[in-house]
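Participant: Supplied in C-alpha cells, the structure appears directly below.
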Amino acid sequence: MILLIHQNETVVEIIDLETNQSIDKTIKSVTNALFDIAEKYREHILIWCHESKKGQLNFEGLNAAFYLKNMMLSYSENQYLPPQIGYVEDSPFLKVNKNVKYPTWHMSSNIGAIHASQLLKFQNQINLNQPLDFVLNSIAKLGMPNGLFCYSEPRLLINNDSYFPNNQASFYNLFKFVKQHYRSIWSILLLINVVIYDKKFPVLAFIRTFFEKKIKFSLTFHLESLKNQKVNEFTTIDVIIPTLGRKNYLYDVLLDLAKQTVLPKQVIIIEQNEDETSESELDFIQTNSWPFKIIHEFIHQTGACNARNLALSKVVSDYVYLADDDNRFESTLLKTVIDKMKDCNFEVITMSYLQQNEVEIVKNPVQWNAFGGGCSVISSKFLNDVKFNMAYEHGYGEDTDFGMQLRNLGTDVIYMPNIKILHLKAPIGGFRTEFIHSWEKQEGIRPKPSPTVMLSRMNHTTKYQLLGYKTNLFIKFYKSQKIKNPIKYYKTFKKQWLESIRWANQLKSK
C-alpha cells in the first residue's frame, strides 16, 4: 500500500507502507501525484488522506474492506457535491447511510483508496487540473456503471466522529460536473429546479459551463478477487417460489431445480388462491419424487409481499434464491451463483432475467440500482432484519424497498449479466381479479404518482431527488393528460401530488 497525505491540494508526504519509507514528492499537485504513483506502483493499493485524518487511519479496517481489485473506497461525513445534485440523479446512491458500508459514487478527499491499475484507466480520460474532490467524484461516477465498485466505508477511520474538512463544490463546479457526466438537458433541469425550489439564480454558473462536453468513458472493470475466500464445501441454498395459477410453469421450474449440479436443500412453495373454497392444484408435489425437500403451503391470501415473507420465514440454508414460477435456467445456475458469491465475497446477487429475444445491454458485473424479487440470491444472515413491506402489497415498489433495506444493512446488490435466467412472462397467473386500491375508489382528485411509488421515494431518496422527480413527472405527464391549460394543469398536478403524499403517509403508518 502507498499512502499519500495532502493538504490544500498539495502533497504533504508519500509513504510506502510496506517499507515505511518516504517516496520522493517532486509533484506537488495531489491529483497528478496520484497518477504518477500509480504508474510506478501498478499493483499496489493507493490511499489518499487529508493531513488532519492521518492519525485516524484504520489500516486493519481498510485491508478487510478492500477485497476486490475493482474497488474504490472513501469516507467523509460531508459530501463534495451539494445536495442539489439530487435534482438530476435518480438512483439509490445519494442517500448514503454513513454508519455502514454503502454503495455510492460520492467520494471524498478526506480519506479513500483505489487500486493503482484501476486508477490508470482514467488516465487521459479526465482533466486533472481540477480540485481533488472533483476528480475523485468524476472517477467514481464514470467508473461505477462500468464495473468499478464504489463505497462509502466507515471502517477506513478509527474514529468517525471528529472534524471533517468540508470542501463543498460551488454552483459553478456543480453545473460543470453535471455537464460532464449527464446529458445536456439535465443542466437545464438543474437550473430550473434550483430557481423553483432554492429560490437561487445561478445563471452565471450555468452560462460558464455552456460549452462543457460530456466525458465519453467506455473502459470496463473486471471482477478480480484480491483474497482467497474460505470455501465451505457444505454450503446450502433454499429456493422460495410464490405461485398463483401457473401449475405447468411451476412444474417446469421444479424440473430445472431437480437437474441442478448443486441441489437446493429446500424448495418453499407458497400457493395462493383467493377463493376460500378452492383446493391446491399442485398434485405433482406429492405424486412425483423430488431430490430435495418441498415445503408447500396453500393460502387464500393473494399478494407477492405476504407470500415471499411467509416463504422467507422457513429458510434454513446459507443462501436463498428468490425465484418466480415462470422461468427456466441451466443445470449449473445454483452452483455458478454460489461460487461467485463466495469467491467475490458478495452477499446479494441479482441475475439477468430477460425474456426470449431480449438483448442484455449490461456487459460486466455492476452495482445495481434495483433489486429483482424473482431473480436474486441473498445471504440468509439478513433474513432476521429484512422483509417485504406490506405497504406495497398489490402495488409497485416492494422490490426497490427490499433492496434498500439490504443496502442499509451494509451490503450491496450486484447485478451479474452473465448468470442468466429466462423469463417466460407467463400469460396466466397474477391476480384473479383486479385489485382496486382505496385511492382508486375515491371521488375527485386522484393521487399522482401512485402512493406506493411516492412512499418508496419518500423513504429512500433525498429531499432534492424527490423534488427533481416531481418536476420531471410534471413535465412528462403534461403530454398524456387532458388539461392543456398550463396554469390549470399546474394547480391540478399540485393537488394530485399532495394527495399522493397523504396516501403514502397512511401506508407508512400501517
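Participant: Exactly one of (1) surrounded by 16 or more Cβ atoms within 10 Å (Cβ to Cβ); (2) more than 24 Å from the chain's Cα centre (by Cα); (3) under 22 Å from Thr400 (Cα atoms) is unmet by Phe329. Its number?
Facilitator: Of the numbered conditions (1) surrounded by 16 or more Cβ atoms within 10 Å (Cβ to Cβ); (2) more than 24 Å from the chain's Cα centre (by Cα); (3) under 22 Å from Thr400 (Cα atoms), the odd one out for Phe329 is (3).
Participant: Right, here's the next one. Consider Leu156 carefully, then state whether it is farther than 30 Å from Ile475 by Cα and either surrounded by fewer than 20 Cβ atoms within 10 Å (Cβ to Cβ) or touching a Ser or Thr at 6+ places or on another chain (Cβ under 6 Å) (or both).
Facilitator: Details: farther than 30 Å from Ile475 by Cα: yes; either surrounded by fewer than 20 Cβ atoms within 10 Å (Cβ to Cβ) or touching a Ser or Thr at 6+ places or on another chain (Cβ under 6 Å) (or both): no.
Criteria not met by Leu156.
Participant: Touching a strand residue (DSSP E or B) at 6+ places or on another chain (Cβ under 9 Å) and buried (at least 16 other Cβ atoms within 10 Å of the Cβ): does that describe Leu409? Full working, then the answer.
Facilitator: Working: touching a strand residue (DSSP E or B) at 6+ places or on another chain (Cβ under 9 Å): no; buried (at least 16 other Cβ atoms within 10 Å of the Cβ): yes.
Against the criterion (touching a strand residue (DSSP E or B) at 6+ places or on another chain (Cβ under 9 Å) and buried (at least 16 other Cβ atoms within 10 Å of the Cβ)), Leu409 does not qualify.
Participant: Just wondering, is there one or more residues in the stretch 41-61 that are aliphatic (A, V, I, L, M) and in a helix (DSSP H, G or I)? Full working, then the answer.
Facilitator: Narrowing the stretch 41-61 to residues aliphatic (A, V, I, L, M): 45-47, 57.
Subsequent filtering for residues that are in a helix (DSSP H, G or I) retains none.
The answer is no, given that none of the residues of the stretch 41-61 is aliphatic (A, V, I, L, M) and in a helix (DSSP H, G or I).
Participant: Out of all the residues in the stretch 325-354, which are within 19 Å of Leu383 (Cβ to Cβ) and of a type in the set (Asp, Glu)?
Facilitator: Within the stretch 325-354, just Glu347 meets the criteria.
Participant: Which condition number does Gly55 fail, the rest of (1) within 15 Å of Leu128 (Cβ to Cβ); (2) without any contact (Cβ under 8 Å) to a residue 60 or more places away in the chain being met?
Facilitator: All conditions pass for Gly55, except number (1).
Participant: Taking the conditions exactly as written (on the phi < 0 side of the Ramachandran plot, at pLDDT 95 or above, assigned to a loop (DSSP other than H, G, I, E, B) and in contact with a strand residue (DSSP E or B) (Cβ under 8 Å, 6 or more places away or on another chain)), does Asp385 satisfy them or not?
Facilitator: Numbers: on the phi < 0 side of the Ramachandran plot: yes; at pLDDT 95 or above: yes; assigned to a loop (DSSP other than H, G, I, E, B): yes; in contact with a strand residue (DSSP E or B) (Cβ under 8 Å, 6 or more places away or on another chain): no.
Taking the combined requirement at face value, the residue does not satisfy it.
Participant: Lys53 - would you say it is at pLDDT below 95, buried (at least 16 other Cβ atoms within 10 Å of the Cβ) and not hydrophobic (A, V, I, L, M, F, W, C)? Spell out the reasoning first.
Facilitator: Details: at pLDDT below 95: yes; buried (at least 16 other Cβ atoms within 10 Å of the Cβ): yes; not hydrophobic (A, V, I, L, M, F, W, C): yes.
The answer is yes for Lys53.
Participant: Which residues, counting only those in the stretch 14-31, are touching a strand residue (DSSP E or B) at 6+ places or on another chain (Cβ under 9 Å) and assigned to a helix (DSSP H, G or I)?
Facilitator: Within the stretch 14-31, Val30 is the sole residue that qualifies.
Participant: Would you mention how many residues in the stretch 172-213 are loosely packed, with under 14 Cβ neighbours inside 10 Å and assigned to a loop (DSSP other than H, G, I, E, B)?
Facilitator: Residues meeting the conditions: 7.
Participant: Shifting gears a bit: Does the stretch 171-189 contain any residue that is among the aliphatic types (A, V, I, L, M), over 30 Å from Asn327 (Cβ atoms) and without any contact (Cβ under 8 Å) to a residue 24 or more places away in the chain? Walk me through how you get there before you give the answer.
Facilitator: Keep residues of the stretch 171-189 that are among the aliphatic types (A, V, I, L, M), which gives 174, 178, 185, 188-189.
So of that shortlist, the ones also over 30 Å from Asn327 (Cβ atoms) come out as 174, 178, 185, 188-189.
Imposing the further condition that a residue be without any contact (Cβ under 8 Å) to a residue 24 or more places away in the chain reduces the set to 185, 188.
The answer is yes; a qualifying residue exists.
Participant: Which count do you get for residues in the stretch 259-284 that are out of contact with any Ser or Thr (no Cβ under 7 Å at 6 or more places or on another chain), of a type in the set (A, V, I, L, M) and under 23 Å from Thr332 (Cα atoms)?
Facilitator: 4
Participant: Please indicate, with yes or no, whether at least one residue in the stretch 432-447 is among the acidic types (Asp, Glu), exposed (fewer than 15 other Cβ atoms within 10 Å of the Cβ), part of a helix (DSSP H, G or I) and free of Cβ contacts under 8 Å to residues at least 40 places away in the same chain.
Facilitator: So in the stretch 432-447, the residues among the acidic types (Asp, Glu) come out as 434, 440, 443.
Those left that are additionally exposed (fewer than 15 other Cβ atoms within 10 Å of the Cβ): 434, 440, 443.
Checking the rest, the ones that are also part of a helix (DSSP H, G or I) come to 440.
When the remaining residues are screened for being free of Cβ contacts under 8 Å to residues at least 40 places away in the same chain, the result is 440.
So far as the stretch 432-447 goes, yes, one or more of its residues are among the acidic types (Asp, Glu), exposed (fewer than 15 other Cβ atoms within 10 Å of the Cβ), part of a helix (DSSP H, G or I) and free of Cβ contacts under 8 Å to residues at least 40 places away in the same chain.
The values are calculated or read from the model by the stated rules, or taken from the named source; none is laboratory data. Treat the numbers as computed from the prediction; the structure is a model and nothing was measured. Here Cβ is always computed from backbone atoms with ideal geometry, including for glycine, and neighbour counts include all displayed protein chains.
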